[in-house]
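**Student:** Okay, here's the structure, questions in a sec.
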2 protein chains.
Amino acid sequence: MAHPAARTRSLREDCLREALAIIDEAGVEGLSLREVARRLGVSHQAPYKHFPSRDHLLAEVVRRAFAAFARHLDDRPRGENPADDLAALGRAYLAYAREHPLPYRLMFGTPLPDPAHHPEMMRSARHAFALLRDCLDRMGADGSKGVPSEATDLDALFVWSAVHGLASILQTGALSTLGLPPAVLASSPSHTLLRIGAALGAEGDPGDGQSGNDQPL
Amino acid sequence: MAHPAARTRSLREDCLREALAIIDEAGVEGLSLREVARRLGVSHQAPYKHFPSRDHLLAEVVRRAFAAFARHLDDRPRGENPADDLAALGRAYLAYAREHPLPYRLMFGTPLPDPAHHPEMMRSARHAFALLRDCLDRMGADGSKGVPSEATDLDALFVWSAVHGLASILQTGALSTLGLPPAVLASSPSHTLLRIGAALGAEGDPGDGQSGNDQPL
DNA sequence: GCTGGATGTTGACAGTGTCAACCGGGGCCG
DNA sequence: CGGCCCCGGTTGACACTGTCAACATCCAGC
């Protein structure tokens, strides 16, 4: 198989791999098509045969990051009841951020190409959010199942805000400039998940009187 | 250049003002010292007499954004009791993000120059965080006042995560790609603050001996 | 065999940050 | 007063970037 196709595809894949390596070493800012080409030993225009522009290359890298992220969330150990499952989702989210800082920062911590121009980029992102919404929907398992209500959307947004906010704060190194002790840093994920659980379990909305459910995360 | 020396002293300020305008129009990526110089009608090297590098100019712009932000939080209407004050702080935070999207995005939504190289940049950021910590410290007004404990740090981090996460999500336009209804968008800030209050109010003291918590992600 | 499209190459152009050299003028000091 | 030097400004260069255009292959399908 002197695969014509295999060869052609290889440069495209090589570009993506090399791009990730460059971003790892030099940050998104350091990514340049010419550097990619140089490292791969091809001419500075070769990558243009596979990506219309630098942003298209970056968008594809990001798209794959989102896809891998969504897959990671999909593959989480499912919790028994909805509350446990939400906790599992939160742990999976933070674990991914911790174990794959590079793709995570790519998704949430760097300036992305305009999503309007790269629609495919956010497909998996939407899927990941849907996971969260479904999980919350099952949690408030009253009549309105199947159709995520506005209340569910709001809670999903809240949970996502808290988890995403923590993950991004932990990553930007903002903490080092804030001078927080390492112990705080270490236990902040579990503490945040605990607080989220409290927020969702404690109160309730006026309608559902089942206040007994305060399973901590 | 026929202009006398009257203006010369203000070139530094002019650069900063013009830089902000450029960032407003073209984003941080569009900021270039040459463009600043061009707009001000000076040579492309003139700004270098006031800023050692492009990043130093950007760092100063960001520093002022943080300073204005901290000032805005300082000037918030103080709440009666600590809980109300926390809510006021949250509202002030989100209001600033909404009313001054440009500086806000500058602080939290764009790649900043390495804080290690620009220490002054984060000074006001630390001050803003201290405000939050103090507020929470007064809230859990048991004996340990004055010395923010680890628990206070953790809660401060949680609150900041949630608020910052929401603000940044609202700004990046990630929501538009998620297809959430506008009504959800509109009420998300107040809902998030509500949930935060619930999380903190639900249980004052979880008897948390969980400082040695090391594997919980 | 010829054609055509995918792939890769070289060459150019405008734009960027930044270093180096030069230069006018005003304050300071001998 | 004369000389000096530094401050703020200038011009000129260099290396780097993305991207357009034209040219060279090679392989598939008619």
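**Student:** A:Glu29 label points, 7 Å along Cα→Cβ, one per copy: pairwise distances from this copy to the rest in nm, shortest first?
**Tutor:** Ordered by increasing distance: 1.4 nm.
**Student:** Quick one: Karplus J couplings for the stretch B:34-51, per residue in order, coefficients 6.51, -1.76, 1.60, θ = phi - 60°, nearest Hz, x for Gly and Pro?
**Tutor:** 5, 5, 4, 4, 4, 5, 8, x, 10, 6, 5, 9, 4, x, 5, 6, 10, 9
**Student:** Karplus couplings for the stretch B:90-105 from phi (6.51 cos²θ - 1.76 cosθ + 1.60, θ = phi - 60°), rounded to Hz, Gly and Pro as x?
**Tutor:** Those phi angles translate into x, 5, 4, 4, 5, 5, 5, 4, 7, 7, 10, x, 5, x, 5, 4 Hz.
**Student:** Between rounded, prolate and oblate, where does the stretch A:64-202 land on the alpha carbon gyration tensor, with a ≥ b ≥ c its root eigenvalues, rounded for a/c under 1.5, else prolate if a/b exceeds b/c?
**Tutor:** oblate
**Student:** While we're here: B:Ala130 versus B:Arg78, label points 7 Å from Cα toward the beta carbon: distance in nm?
**Tutor:** Computed distance between label sites B:Ala130 and B:Arg78 equals 1.6 nm.
**Student:** Please turn the phi angles of the stretch B:150-155 into ³J(HN,Hα) values with the Karplus equation 6.51 cos²θ - 1.76 cosθ + 1.60 (θ = phi - 60°), one per residue in order, whole Hz, x for glycine and proline.
**Tutor:** 5, 4, 5, 4, 5, 5
**Student:** Within 10 Å of each Cβ in A:121-134, how many Cβ atoms from other chains are there, averaged over the peptide?
**Tutor:** Mean number of neighbouring Cβ atoms from other chains: 2.
**Student:** List the GluC sites (Glu not before Pro) within the stretch A:48-106 that DSSP assigns to loop and that have no more than 13 neighbouring Cβ atoms inside 10 Å.
**Tutor:** A:Glu80
**Student:** So how much accessible surface do A and B hide from each other in total, probe 1.4 Å, in square angstrom to the nearest 100?
**Tutor:** Heavy-atom accessible area buried at this interface is about 4300 Å².
**Student:** Given axes a ≥ b ≥ c from the Cα gyration tensor, I'd like to know whether the stretch B:18-69 is rounded (a/c under 1.5), prolate (a/b larger than b/c) or oblate.
**Tutor:** oblate
**Student:** So how far apart, in nm, are the two label points at B:Glu25 and B:Leu185 if each is 7 Å from Cα heading toward Cβ?
**Tutor:** In this crude spin-label approximation the distance works out to 2.6 nm.
**Student:** For the stretch B:80-118 and the stretch A:186-202, what is the separation of their C-alpha centers, rounded to whole Å?
**Tutor:** 22 Å
**Student:** Please report, for the Cα atoms of the stretch B:70-137, the Rg to one decimal and the Dmax as a whole number; what are they, in angstrom?
**Tutor:** When restricted to Cα atoms, the stretch B:70-137 yields Rg and Dmax of 13.2, 40 Å.
**Student:** May I ask you to list the trypsin sites (Lys or Arg not before Pro) in the stretch A:64-108 that are in a DSSP loop and have at most 16 other Cβ atoms within 10 Å of their Cβ?
**Tutor:** A:Arg78
The values are calculated or read from the model by the stated rules, or taken from the named source; none is laboratory data. The model shown is predicted, which means the values in this text are computed figures rather than measured ones. FYI the Cβ positions are ideal-geometry reconstructions off the backbone, even for glycines, and counts take in every protein chain you see. Ligands, DNA and RNA are excluded from the accessible area calculation, which covers all protein heavy atoms including side chains. Shrake-Rupley method; radii C 1.70, N 1.55, O 1.52, S 1.80 Å.
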